[in-house]
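To start, the structure under review is shown below, and the notes come after it.
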Amino acid sequence: MDEGTPAVPETPSKPGSFEQLIQDLAAAVKCRRIYPPTHGMVQRTFRRLYEDLRLLFVDQEIVRIGLVGDDLVGGEQPLSRVNLTVQHLIRTLQEREIEKLSFHRGLQEEELARFVEFLSKPSGFLGGWRETEEHLQLLGIQRITVGKIWIQPAEEQVAAPAELGEIYRGSLRVIREIIEGYRAGNRLPISLARDIVHSIVRSIHDDPALLLSLSALKGHDDYTFTHALNVSILTVAQAKVLGLKERDLDAFGLSALLHDIGKQQIPLEILGKPSRLTDEEFEIMKRHPVIGAETLRKISGLPEIALNVAFEHHLGVAFRGYPRVGRKWKLNLCTLLTTIADSYDALRTNRPYRPDLSVDQTLEIMRQGVGTLYDPRLFELFERVVRAMAENEKQQVSGG
Ligand SMILES: [Fe+2]
Ligand SMILES: [Fe+2]
């Protein structure tokens, strides 16, 4: 993290961007802490904050900021520049146990001002986010809501597993058709893939843990199809917990589903080899990200991030993977999530050359890649997602 300068007003990013919103919120809170409400600085930072939100509301009804570990996430990206002012905001939110902050369209200036005021007060008199929520209601703040990023406990789940099982198996059939057809030289039917992903997003909406546990179904179908589907589910689940909106969940799910599409042009002898690859074979295998991105570039109507994810998913946060990129390269959030989901599923799945791993063993192995392959905060979040999933599986086995 960058320490930055302690000065209050921040250098502008793009007005109306999440980055700017977070920085202006931090600056407004900090200014209000130091100066009275009539002070010019307080007014200026507040105006900027209000303007950011106004711009963001143009194409979204709810503007969400999430706090994952020590990192603020808005839009599709974790905040890249974190100065002292933003660190104060992070602490302020942590003290109040706020992990999710939602601004709803129609928010009045008055409400926003009261909210800034509220955050600028010492938190000593407050409990967790529930208390914060009640407090906001008392203050008449209705269009700003707070919450915790959490995973639904297994006992609260209501959907019928059989129905979800059908969704999973149905999706698998379609993915098989898509990928086999594509390998045989047909075009990639993106609209079909899009439909599957949308049904994943919809079913994960109310019962994240339940659908997640389906991603543990393995071994019966060809690895390629289950892997694509599982990585998509695991990516959507993480994105969902981060508070991303439905349109982004669709885009993330589709990008994750197609992350390995480049493998379809790798010879089957290498792809399906039951033993470890030789160095030479591995060099060929390493081409699949570039091939994938090139394949997807030719298809219109795909979200831009699908190309990034195909290209970047083996890079890792320290860029020690492949393909080679410059040090200034910036991975997008969907890639960060897909890389985690990808490793997890690849490790969990029963491969001919090694035995099946448990959830704990899988996470233990993955932990060695934190900081080089995986973003530490996102990995922590993923562990929570997966543990909830494992809990759910256990409940089902024990007669739930
Ligand atoms: Fe891959
Ligand atoms: Fe993969």
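Numbers at a glance
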| item | result |
| --- | --- |
| Two-decimal ratio, segment 18-147, of alpha-carbon radius of gyration to 2.2 N^0.38 Å | 0.96 |
| Theoretical FRET efficiency, 1/(1+(r/R0)^6), r = Cβ-Cβ of residue 294 and residue 191, R0 25 Å, to 0.05 | 0.75 |
| FRET efficiency, residue 328 to residue 370 (Cβ-Cβ, R0 25 Å, nearest 0.05) | 0.65 |
| For 85, 372, order by how many other beta-carbon atoms lie within 10 Å, fewest first | 372, 85 |
| Extension gain from residue 360 to residue 142, taking 0.36 nm per residue of separation minus the Cα-Cα distance | 74.3 nm |
| Förster radius 30 Å - calculated FRET efficiency between residue 59 and residue 384, Cβ distance, rounded to 0.05 | 0.50 |
| Ranking of 31, 334 by count of other Cβ atoms within 10 Å, fewest first | 31, 334 |
| Fewest-first sequence of 260, 71 by Cβ atoms within 10 Å of each Cβ | 71, 260 |
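Computed from the coordinates by the stated procedures, all read-outs in this text should not be read as laboratory data. Please read all numbers here as calculations on a predicted model, not as lab measurements. A quick note on method: Cβ atoms are made from the backbone with ideal geometry, for glycine too, and the neighbour counts reach across all protein chains shown.
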